[in-house]
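Working notes, structure below.
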Amino acid sequence: MTDPFIVHTPEQLTPENIAQNFVEMYTDFPKLKEPVNMFIHGARGSGKSIMLRSLEMPVQRLLNPDNPNDLPFFAVHVPIKRSFFTNPEYLRLKGWKGTAIGEHLLTVYTLQHIFTALQETGAVPSQDFVQTLSEMWEDCGGKHQIDEIKSASSYQELARFFSRENGRVRQYYIRLTDTDESPIYGGALASFADLLLPTAQMIEKDSMWGSNTPICLMIDDADNLTELMQKVLNSWISTRAAQFICFKVTTQLGYKTYKTIDNRIIESPHDFSEINIGRVYTSNKENFAKRIRAIIEKRLKNSGIDTSPEDFFPLDEKQEARRLQILQDLSSGKTEKHISLRGSGPSRSRDLAQRYAIPALMRELSSGKSTHTYSYAGLQSLTDLSSGVVRWFLEPAGQMYNEVKSNQTTDQPGCIPVGIQDAEIHKWSKAFREKLTVDPGGDELVDSDASLQTEGHNKEAYEELGNLLDSIGLLCREKLLDRTASEQRVFSFALTDFPNKRLNEILHLGVRLGYLQKSDLASKSIAGGRRPRYILSRRLGPHYRLDVSGYAAHLTVTAGDLMLALSDPRAFVLARLKKDKDATQQESFDLGDGQ
């Protein structure tokens with residue numbers, strides 16, 4: 001029996017695998033299926049790579065067998081692998097040499113993947129195509145290699161030639177001497193204009209799927225490129241040659257520059273459109289919940305499990321019954337048992353009930369009179385905890401499944417018991433926080449952020465980020481436990497001023513690693529712009545014992561507050577609680593004095 005929640009890397013998946021488990025994930029991104037340039041940002045595991053690979057011709061033909069050649073473009077997946085592009089030798093060249101050789105490397109790497117994709121379609125290059133390609137290569141300075149190209153009788157052989165050229169270029173970088181005057185690369189120097197674009201034009205003209213169908217280069221994990229190579233890629237995008245080549249570029253929120261090699265800036269919407277998956281799913285949880293349910297339903301069915309997602313991940317029925325009772329109490333005006341607000345709170349009983357029912361339940365369970373702890377089990381709760389990242393649903397679900405399977409040897413499990421759900425959820429949440437205490441050079445943390453390259457992300461930065469998360473998490477817990485607080489479901493914070501350089505680096509690191517999601521918030525207290533709001537990943541909710549079902553408000557903090565949080569979470573929490581208490585007492589005094 002197969003594990004329905006197994007997570008493969010995009011390279012491990014066959015077109016059949018993708019088509020079998022495919023669920024439409026980009027109805028929110030209509031331009032994804034249009035031949036236009038697009039940047040797609042999102043945390044690792046948010047589904048960017050699978051989204052792109054689902055656009056490849058073999059997958060589209062399986063999904064649409066009646067119209068196999070009805071394609072908006074010929075999609076080519078170009079993974080920017082960390083193991084190749086983050087090698088330190090690529091940082092050795094600067095200036096025009098670094099740009100010229102970097103563009104050559106990116107060109108031949110891209111052509112290798114184009115020809116591999118063409119080979120998979122069953123197409124065979126014409127003799128005229130091979131002849132013209134060899135002539136263009138000769139014009140780029142590769143005269144001594146043209147016979148190797150001319151002898152190619154398949155796209156596979158052309159892909160092999162360009163793969164070998166990748167190796168030759170890397171050898172050049174490795175063998176550079178530590179002098180200011182490094183010799184220029186002795187082989188061909190290809191570029192977008194000299195080789196990549198005219199090759200795409202030939203393919204578009206002779207393609208089996210009809211003319212007027214451009215190539216779409218899906219540059220995956222582009223923040224693994226060096227900054228010089230990112231400038232090269234931006235220069236390609238700036239040519240606006242989308243009738244022949246368009247680009248879908250994914251990043252893990254670490255793309256360093258939008259400048260071209262001549263220091264122009266590519267801009268949206270003229271040069272490209274842009275989407276941040278995390279922000280889309282944060283602002284529309286309902287759509288994400290529907291997609292997760294569809295994914296799980298299909299995976300269960302493909303594994304021979306005839307159970308609905310809700311039944312496979314049952315919630316704690318006793319806890320749910322108590323939540324509904326508290327909800328009924330609050331809705332009917334019986335509030336004194338659960339809350340005693342200092343302020344007026346929501347005006348409508350329904351809003352009041354929705355906002356305070358779960359905090360009241362969590363306080364009840366933490367009072368010491370109950371032997372039961374709050375359960376995060378259930379499909380909806382697991383969806384909330386995944387924070388818009390598909391992999392963050394599948395990975396803990398797979399651990400739960402394996403735990404159940406280890407205790408039985410026959411049929412597929414009919415459900416994941418609540419106890420196993422909770423045990424795995426708490427381990428998974430705790431492990432996420434504890435990754436920040438691991439040496440940044442360790443395998444575990446590198447695996448959690450496959451594209452981290454920015455200088456300064458050292459052990460101290462990870463410790464400061466951990467302190468920041470602890471500070472906000474502990475303060476949110478204190479708010480939740482306070483039955484007198486008007487806002488108890490707090491899960492985010494907004495800055496009232498601008499962060500300094502160090503704080504900004506830590507906040508950005510948190511966003512990069514998926515611990516925080518960033519959005520803008522209109523400032524009501526300070527004129528002249530918008531201030532950022534940062535939302536804790538709900539994956540941290542069980543670790544800090546917070547309500548992950550939603551949030552009604554955000555903390556307002558200054559940059560000075562957060563600088564204290566970076567070093568001393570306890571001092572931050574105590575100072576903030578005293579500040580809030582003093583503000584409440586002053587408000588009560590002002591109201592009494594006014595009467």
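The values are calculated or read from the model by the stated rules, or taken from the named source; none is laboratory data. Note that the structure is predicted; figures quoted are calculated from it, not measured. Glycine gets a Cβ as well: all are built from the backbone with ideal geometry, and neighbour counts include every protein chain shown.
Number of residues in region 40-69 that are of a type in the set (G, A, S) and in contact with a Pro (Cβ under 9 Å, 6 or more places away or on another chain) equals 1.
Listed here are the helices (runs of 4 or more DSSP H) enclosed by region 144-255 that have at least 3 residues being aliphatic (A, V, I, L, M) and without any contact (Cβ under 8 Å) to a residue 12 or more places away in the chain, and there are none.
For the condition part of a strand (DSSP E or B), among the β-branched types (V, I, T) and surrounded by 19 or more Cβ atoms within 10 Å (Cβ to Cβ), I50 does not qualify. All conditions in (1) out of contact with any Leu (no Cβ under 7 Å at 6 or more places or on another chain); (2) at pLDDT 90 or above; (3) in a helix (DSSP H, G or I); (4) farther than 30 Å from H41 by Cβ hold for Q354, with the sole exception of (2).
Would region 286-294 turn up any residue that is on the phi < 0 side of the Ramachandran plot, part of a loop (DSSP other than H, G, I, E, B) and surrounded by fewer than 16 Cβ atoms within 10 Å (Cβ to Cβ)? No: region 286-294 contains no residue that is on the phi < 0 side of the Ramachandran plot, part of a loop (DSSP other than H, G, I, E, B) and surrounded by fewer than 16 Cβ atoms within 10 Å (Cβ to Cβ). Which of the residues spanning region 1-11 are more than 18 Å from L55 (Cβ to Cβ) and either in the same structural domain as G47 (by TED's automatic domain parsing) or surrounded by fewer than 13 Cβ atoms within 10 Å (Cβ to Cβ) (or both)? Matches in region 1-11: M1, T2. Residues in region 542-565 that are buried (at least 21 other Cβ atoms within 10 Å of the Cβ), touching an Asp or Glu at 6+ places or on another chain (Cβ under 9 Å) and either under 18 Å from N500 (Cβ atoms) or at pLDDT 95 or above (or both): P542, A565. Within region 119-136, the only residue that satisfies the criterion of being of a type in the set (V, I, T) and closer than 15 Å to F161 by Cα is V130. For region 373-382, the criterion of a residue being in a loop (DSSP other than H, G, I, E, B) and over 30 Å from V511 (Cβ atoms) is satisfied by at least one position. Just one of the numbered conditions (1) within 23 Å of W236 (Cβ to Cβ); (2) within 30 Å of the chain's Cα centre (by Cα); (3) surrounded by fewer than 21 Cβ atoms within 10 Å (Cβ to Cβ) is not true of V108: (3). Once region 381-404 is narrowed to residues that are surrounded by fewer than 19 Cβ atoms within 10 Å (Cβ to Cβ) and touching a residue at least 40 places away in the same chain (Cβ under 8 Å), the residue that is nearest to the chain's Cα centre (by Cα) is R391.
E267 meets the stated requirement of being more than 30 Å from Q488 (Cβ to Cβ), out of contact with any strand residue (DSSP E or B) (no Cβ under 7 Å at 6 or more places or on another chain) and modelled with pLDDT of 80 or more.
Per-residue answers, yes or no, for (1) polar (S, T, N, Q); (2) out of contact with any strand residue (DSSP E or B) (no Cβ under 6 Å at 6 or more places or on another chain); (3) surrounded by 23 or more Cβ atoms within 10 Å (Cβ to Cβ):
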site: R168; (1), (2), (3): no, yes, no
site: T177; (1), (2), (3): yes, yes, no
site: N224; (1), (2), (3): yes, yes, yes
site: L233; (1), (2), (3): no, yes, yes
site: A241; (1), (2), (3): no, yes, no
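Within region 117-128, can you find the residues that are assigned to a helix (DSSP H, G or I) and buried (at least 19 other Cβ atoms within 10 Å of the Cβ)? Scanning region 117-128 gives A117, L118. Can you give me the number of residues within region 82-98 that are touching a Leu at 6+ places or on another chain (Cβ under 6 Å) and in a helix (DSSP H, G or I)? Selection size over region 82-98: 2. Being modelled with pLDDT under 75 and within 19 Å of the chain's Cα centre (by Cα) is the filter; apply it to region 1-15 and report the residue that is farthest from I305 (Cα to Cα). Residue satisfying both the conditions and the ranking: E11.
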